[in-house]
Amino acid sequence: MKLKNFYTEHESFILGTGFIVFLLILWESIPLWYTLPKGMALFFTTPSDIAAAFHRLLLNGELEKHFYVSAIAFLAGLGLSIVVGLPLGLVMGRSATLDALLDPYVTASNATPRIVFLPLLILWFGIGIWSKIAIVFVGAVFPLLINTYVGVKNVNQVLVNVVRSFGASEWQLMKIVVLPNSVPYIIAGLRLAIGRAILGVVVGEFFGSSQGLGYMIASAATNYKVDVVFVGVAIFMALSVILTLAVKQLESRLASWRPETAKTF
Amino acid sequence: MAAREYFTEHRRLWLGLCSFFFLVAAWELVLTYIVPVNPFFFTKPSLIADAFKEQIQSAKLWHDLAVSSQAFLWGFSFAVIVGIPVGLVMGWRRRVEYSLDPFLTALYASPLVALAPLFIIVFGVGVLGKAALVFLLAVFPFVFNAFAGVKSTDSLLINVIRSFGGREKDLYLKVILPSTMPYIIAGARLAIGRGLVGIIVGEFYAASEGIGFAILQAGDTYRLPDMFVGIIILSLIAVGLTELMRKLELMVAPWRASDEAR
């Protein structure tokens with residue numbers, strides 16, 4: 001009876017992890033009950049092989065080197081997009097004229113997958129770290145900008161009027177009402193921006209690069225080292241899941257009053 | 001006075017247009033009269049316009065677009081066919097939700113585009129590899145939006161159908177699907193963006209035709225005007241499709257003028 005109680009209490013956790021474990025075991029066991037044809041075997045790997053490759057790469061320091069390069073591009077690009085996106089979003093939210101002037105570019109760029117600018121950015125910034133930072137920046141800046149903008153737009157007008165009537169300047173208004181009110185939106189924007197930034201790092205390093213996790217994946221794929229490909233993919237997966245879920249946690253704490261919408265990443 | 005009223009009413013539109021034309025004019029004039037344009041590094045609107053005219057008349061552009069859209073449509077259709085049922089079942093059956101949610105959320109949150117090199121190598125540089133990539137990226141918005149749609153279905157409506165003796169089929173067709181529709185269309189909007197990323201990355205990585213390949217090749221051979229034409233065409237398509245979805249969303253669910261993430 002106790003076991004049953006335990007199960008009903010933790011059902012979602014048990015089923016969730018159970019399913020993932022089941023899939024991993026299934027994957028691992030494929031070679032046992034099915035001999036792959038020669039051509040397919042080249043592309044096939046098992047979780048244990050991937051773990052072994054991870055261990056190997058970790059020990060010879062290769063992973064650390066690639067990780068470091070990718071992390072720099074990610075942090076620099078994301079930092080730059082925060083520095084640019086936040087103020088611009090705030091200003092666009094407060095000034096209707098500026099909003100009207102910039103809106104065409106923001107809307108068009110936001111709808112376009114920014115990854116398409118990659119060849120141009122490589123042409124401009126070379127194949128070094130700068131083109132990666134640039135692609136991360138153009139990917140991450142728009143979600144931040146737009147979410148900040150929406151946050152400012154959704155500020156309660158009554159609060160604004162109250163603060164105004166008591167003689168606050170635009171700067172004070174920003175500090176007391178607008179900014180605190182937009183924080184949940186900004187955090188939501190940050191979560192989207194993290195996803196775009198990681199996408200930028202991955203794809204940016206696929207092309208014209210000699211370092212970084214993306215490069216590791218691309219070169220391993222060309223050499224049919226499928227286990228190494230999955231090591232890279234798993235690292236990116238783990239990072240994105242951890243980062244986005246952490247921000248999501250923050251988001252739900254800050255804005256528990258906002259209505260539930262579908263998950264977006 | 002009417003003109004003035006007209007202007008204040010459409011102020012936003014006019015300012016936007018002005019800023020666009022001003023930018024284009026400034027770009028052209030600066031590069032013509034002040035700094036001579038370095039053709040290996042930058043280009044100017046008049047050259048882009050020439051390249052645009054030339055490309056529109058050439059068969060290659062249309063061929064590239066056809067190749068890319070074929071892969072996109074295959075991947076996207078499969079994403080619809082697979083994603084929506086999975087999402088509906090996940091929303092309706094609690095145990096399925098518990099089992100699938102952590103796994104699919106992890107996949108949704110991670111940059112699956114990292115698998116692109118592997119996909120291209122396994123499935124080849126043709127339609128199949130790109131379509132598989134598009135499917136992989138586009139399926140999750142459908143799953144999670146259909147899921148959220150079912151979850152948000154008014155349980156009162158479900159109870160009404162039940163009390164009047166409606167069958168499971170009626171429940172799905174008369175309540176769940178209609179109330180999920182706006183969510184699914186919102187998902188389609190997200191899926192379009194992700195699917196386009198799949199096409200572009202797939203074609204950047206390895207392809208011999210397609211719009212992404214055309215952009216990459218123009219860049220590699222320093223034909224900047226042609227590259228800009230490709231980028232502009234792709235943005236037009238992306239903006240067009242997203243706007244279409246937004247219109248559709250308003251049509252299906254006018255009460256849900258969503259302002260989250262344009």
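Read the figures in this text as sums done on the coordinates, not as results from a lab. These numbers were taken from a predicted model, which means no experiment stands behind them. A quick note on method: Cβ atoms are made from the backbone with ideal geometry, for glycine too, and the neighbour counts reach across all protein chains shown.
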Indicate the helices, whole DSSP H runs only, in chain B that combine a mean Kyte-Doolittle hydropathy of 1.6 or more with a Cα extent along their long axis of 30 angstrom or more. B:127-151
Contour minus end-to-end for B:Glu5 and B:Ser208, with contour as 0.36 nm per residue of separation and end-to-end as the Cα-Cα distance? 67.7 nm
Can you grab the distance from the C-alpha centre of segment A:90-141 to the C-alpha centre of segment A:192-257, Å, no decimals? 20
Give me the Kirkwood hydrodynamic radius of the protein assembly as shown, using the inverse of the mean 1/r over all pairs of distinct Cα atoms, in Å to one decimal. 25.2
What ³J(HN,Hα) values, in whole Hz, does the Karplus curve 6.51 cos²θ - 1.76 cosθ + 1.60 give for segment A:102-110 when θ = phi - 60°, with x put for Gly and Pro? 8, 3, x, 5, 5, 4, 5, 5, 5
Apply 1/(1 + (r/R0)^6) to the Cβ-Cβ distance of A:Val183 and A:Ser95, taking R0 = 22 Å, and write down the FRET efficiency to the nearest 0.05. 0.60
In whole percent, what relative contact order does chain A give with Cα contacts below 8 Å and a gap of six or more residues? 23
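Let me have the relative contact order for chain B, percent, based on Cα pairs under 8 Å that are six or more residues apart.
Computed value for chain B: 23 percent relative contact order.
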For a bin width of 10 Å, list the pair-distance distribution of segment B:140-233 built from all Cα-Cα distances, rounded to whole %. 16, 28, 18, 15, 13, 9, 2
With B:Gln70 itself left out, Lys, Arg at +1 and Asp, Glu at -1 over residues whose Cβ is under 14 Å from its Cβ give -2
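Take every Cα pair under 8 Å in segment B:77-135 that's 6+ residues apart, average their separations, divide by the length, and report that relative contact order as a whole percent.
That works out to 25 percent.
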Cleavage-rule hits (trypsin sites (Lys or Arg not before Pro)) in segment B:43-110: DSSP loop, at most 16 neighbouring Cβ within 10 angstrom: B:Arg93
Calc'd 3J(HN,Hα), segment A:57-70, phi into Karplus 6.51 cos²θ - 1.76 cosθ + 1.60 (θ = phi - 60°), Hz, glycine/Pro = x, comes to 5, 5, 5, 7, x, 5, 4, 4, 4, 5, 4, 4, 4, 5
Going by Cα centres, segment B:110-166 and segment A:34-81 are how many Å apart? 26
A:Ala52/A:Phe22 FRET efficiency (R0 22 Å; Cβ-Cβ; nearest 0.05): 0.50
Simple spin-label estimate for A:Leu42 and B:Glu168 in nanometres, 7 Å along Cα-Cβ: 4.6
In order through segment A:161-166: 3J(HN,Hα) via Karplus (6.51 cos²θ - 1.76 cosθ + 1.60), integer Hz, x for Gly, Pro: 5, 4, 4, 4, 4, 7
Can you tell which of A:Ala246, A:Ala238, A:Ala108 shows the greatest fluctuation in a Gaussian network model of chain A with Cα springs below 10 Å? A:Ala108
Rounded to the nearest 0.05, FRET efficiency between A:Ala246 and B:Thr32 (Cβ-Cβ, R0 60 Å) equals 0.75
Taking the simple approach of a point 7 Å from Cα along Cα-to-Cβ for both A:Thr8 and B:Ser69, what is their distance in nm? 5.6
Sum -39500 (n - 2.57) across every DSSP H segment of at least 4 residues in chain B, then divide by the residue count to get the 222 nm mean residue ellipticity, nearest 500. -26000 deg cm²/dmol
Gaussian network model of chain B, Cα within-10 Å springs - most flexible of B:Gly195, B:Gly83, B:Gly166: B:Gly166
Using only the Cα atoms of chain A, what do you get for the radius of gyration and for Dmax, in Å? 23.2, 78
Using a Gaussian network for chain B with springs between C-alpha atoms less than 10 Å apart, which of these wobbles most: B:Ile161, B:Ile120, B:Ile237? B:Ile161
